[in-house]
């Protein structure tokens with residue numbers, strides 16, 4: 001081939017690739033190292049988001065601070081629990097859920113010392129949990145209420161899930177109990193001398209994780225929102241078709257081996273497109289109402305926002 005033709009073809013190809021790259025929608029996602037969010041990391045690392053025209057950056061931000069990152073514009077989308085979106089919207093951080101990520105099946109739980117036989121024995125005791133407005137704090141309030149207690153009946157030490165599990169296992173901070181989740185809950189499972197797990201989301205199914213974005217982002221980037229959902233569902237398919245590689249990629253993000261990550265993910269259920277459609281057709285509404293009432297009762301929110309505006313299901317069809 002003539003060198004001028006070759007050069008021309010090369011220039012044209014480079015220009016085409018440049019246009020393709022320029023067309024990728026940039027989006028920054030705020031999340032934590034929670035096992036249930038891991039398919040988002042897989043979708044990024046395996047090029048599944050890129051395949052759908054997205055340039056995704058993931059920022060690890062504690063749940064208690066994630067709404068601040070959204071409000072500041074540092075992130076456009078986030079992963080968190082259903083009740084947390086209620087808190088954010090009630091406090092002026094407008095956000096809309098667009099697909100469900102996972103349901104906890106024992107991946108979130110309460111660890112207690114061996115002398116505590118039932119949750120009602122926690123009256124007057126010291127419990128570690130993350131800050132108000134987070135999933136562990138909400139889970140603690142939920143479990144206590146189901147057992148005739150309230151947050152006022154205990155002393156709360158503010159510790160994030162990893163720190164709570166570490167302090168509980170180490171026997172520091174004077175803890176009688178701790179709220180944590182996978183992969184950190186597994187450290188409690190591996191240390192029976194420290195105590196035991198008295199309850200998980202198998203007993204109290206109240207940890208439901210979803211993905212959402214700001215209304216501004218959704219309005220300006222509806223195709224990108226659909227691509228985020230499709231990329232996530234592609235990741236779930238990859239986990240089925242190539243589990244070993246998938247677990248290794250997801251485990252590496254939280255400093256676990258593929259084998260260790262596979263064990264921790266056994267305590268949750270990622271939700272595919274069909275499960276999403278079923279969830280938003282009924283369970284979402286009933287759970288959101290009960291969660292909002294509890295959040296109001298414990299003073300995390302001062303008023304209940306318009307619950308009918310908290311989700312847009314058009315992106316999971």
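The values are calculated or read from the model by the stated rules, or taken from the named source; none is laboratory data. Since the model is a prediction, treat every value here as computed from it, not as a measurement. For neighbour counting, all protein chains shown are included, and Cβ atoms are generated from backbone atoms with ideal geometry for every residue, glycine included.
The number of residues in segment 299-315 that are touching a strand residue (DSSP E or B) at 6+ places or on another chain (Cβ under 9 Å) and in a loop (DSSP other than H, G, I, E, B) comes to 2. The strands (runs of 3 or more DSSP E) found entirely in segment 24-137 that carry 3 or more residues being without any contact (Cβ under 8 Å) to a residue 60 or more places away in the chain are 25-31, 54-60, 126-129. In summary, residue 206 fulfils each of the numbered conditions (1) in contact with a helix residue (DSSP H, G or I) (Cβ under 7 Å, 6 or more places away or on another chain); (2) in a loop (DSSP other than H, G, I, E, B); (3) more than 30 Å from residue 315 (Cα to Cα) with the single exception of condition (3).
Residue check: residue 225 meets all listed conditions (1) touching a helix residue (DSSP H, G or I) at 6+ places or on another chain (Cβ under 6 Å); (2) in contact (Cβ under 8 Å) with a residue 24 or more places away in the chain; (3) outside any helix (DSSP H, G or I); (4) closer than 26 Å to residue 250 by Cβ but one, namely (3).
Residues checked against (1) modelled with pLDDT under 95; (2) touching a strand residue (DSSP E or B) at 6+ places or on another chain (Cβ under 8 Å); (3) buried (at least 20 other Cβ atoms within 10 Å of the Cβ):
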site	(1), (2), (3)
156	no, yes, no
193	no, no, no
213	no, yes, yes
217	no, yes, yes
228	no, yes, yes
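When segment 264-310 is limited to residues that are modelled with pLDDT of 95 or more, in contact with a helix residue (DSSP H, G or I) (Cβ under 7 Å, 6 or more places away or on another chain) and over 29 Å from residue 150 (Cβ atoms), the one that is surrounded by the most Cβ atoms within 10 Å (Cβ to Cβ) turns out to be 271.
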